[in-house]
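Engineer: Before I ask anything, let me first share the structure, which is written out below as structure tokens.
Since every read-out is calculated from the coordinates, none of them should be taken as a lab result. Keep in mind it's a predicted model, so treat the numbers as computed, not measured. Here the Cβ positions follow ideal geometry from the backbone for every residue, glycine too, while neighbour counts run over all protein chains shown.
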Amino acid sequence: MKKKIALTFLLLVVYSTVLIAHEFYISITSIQHHPETQKLSIRVKIFVNDLEESIFQEEGVRLGLGTNTPIENAQAHVEHYLCSKLSISVNDSLIPLNYLNQKVETAEIVEDNVIICQLEAYNISEIVKIKVHNSLLTNAFDSQTNIVNIRANDTKKAINLDKRLPEDQVVFD
């Protein structure tokens with residue numbers, strides 16, 4: 001009888017721990033300045049299912065990105081979403097971002113599929129200060145963290161953005 005009670009208690013503790021555990025939501029944005037071509041390359045990596053859920057909550061559309069048959073204008077929805085949630089200012093000037101393409105990388109577990117989106121900005125000769133606003137997925141997921149890695153002036157810097165702090169800047173000395 002004592003063994004049954006102990007086993008029940010152990011299972012209850014383990015089960016309740018699983019129930020209170022929360023999921024982890026993250027995106028990674030890499031920004032790299034190419035002074036020789038005066039170009040800024042931006043790469044955004046997001047879990048497909050998280051992006052799908054966020055776009056569904058905002059637009060009511062299921063894109064089917066993680067399937068073999070996404071909807072016809074799925075890329076346009078992703079481009080609109082990204083460009084509405086991500087903005088970059090260089091030396092206090094907001095720069096236009098040009099959406100180039102997207103690619104879904106599949107994994108063995110569907111929840112691990114990621115989408116990589118490529119953007120560019122042109123005529124960026126030098127960077128003294130860069131400000132990034134990144135509110136990707138923060139409306140859908142309160143615990144969303146958006147890591148931004150910036151490489152400019154032979155220096156690497158990183159900022160972490162979330163729902164409470166969707167924007168931050170880096171100054172290069």
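Engineer: Kindly put Tyr99, Tyr25, Tyr122 in sequence by how many other C-beta atoms sit within 10 Å of each C-beta, fewest to most.
Structural biologist: Least crowded to most crowded, the residues run Tyr122, Tyr99, Tyr25.
Engineer: While we're here: Taking the Cα centre of region 25-171 as the origin and placing charges on Cβ (Lys, Arg +1; Asp, Glu -1), which of Val170, Ile42, Leu100 is farthest toward the positive end of the dipole?
Structural biologist: Val170
Engineer: If you wrap region 61-103's Cα atoms in a convex hull and average its projection over all directions, what's the area in nm²? It would help to have the intermediate numbers written out before the result.
Structural biologist: Numbers: hull surface 14.5 nm².
Averaged projected hull area, Cα only: 3.6 nm².
Engineer: Can you tell me the Rg and Dmax of region 15-103, counting just the alpha carbons, in angstroms?
Structural biologist: When restricted to the Cα atoms of region 15-103, Rg and Dmax are 16.5, 57 Å.
Engineer: Same structure, new question: With +1 on each Lys and Arg Cβ and -1 on each Asp and Glu Cβ, and nothing else charged, work out how big the dipole of region 88-164 is about its Cα centre, in Debye to the nearest 20.
Structural biologist: Numbers: 8 positive and 10 negative charges, 76 e Å.
It works out to roughly 360 debye.
Engineer: Quick one: what are the phi-derived ³J(HN,Hα) couplings along region 125-135, Karplus 6.51/-1.76/1.60 with θ = phi - 60°, whole Hz, x for glycine and proline?
Structural biologist: Residue by residue, region 125-135 yields 6, 8, 10, 9, 9, 10, 10, 10, 10, 9, 10 Hz.
Engineer: Taking 2.2 N^0.38 Å as the expected size of a compact globular protein, what ratio does the Cα radius of gyration of region 67-154 give against it, to two decimals? Don't jump to the answer; show the numbers that get you there.
Structural biologist: Working: Rg = 15.2 Å, N = 88, 2.2 N^0.38 = 12.1 Å.
Taking the Cα Rg and dividing by 2.2 N^0.38 Å, one obtains 1.26.
Engineer: Considering the Cα trace of the chain, what is its radius of gyration and what is Dmax, both in angstroms?
Structural biologist: Both quantities, over Cα of the chain: 20.1, 76 Å.
Engineer: What are the ³J(HN,Hα) values, in whole Hz, obtained from phi via the Karplus relation 6.51 cos²θ - 1.76 cosθ + 1.60 with θ = phi - 60°, for each residue of region 137-144 in sequence order, with x given for Gly and Pro?
Structural biologist: Result, rounded to whole Hz: 6, 6, 6, 8, 10, 4, 8, 4.
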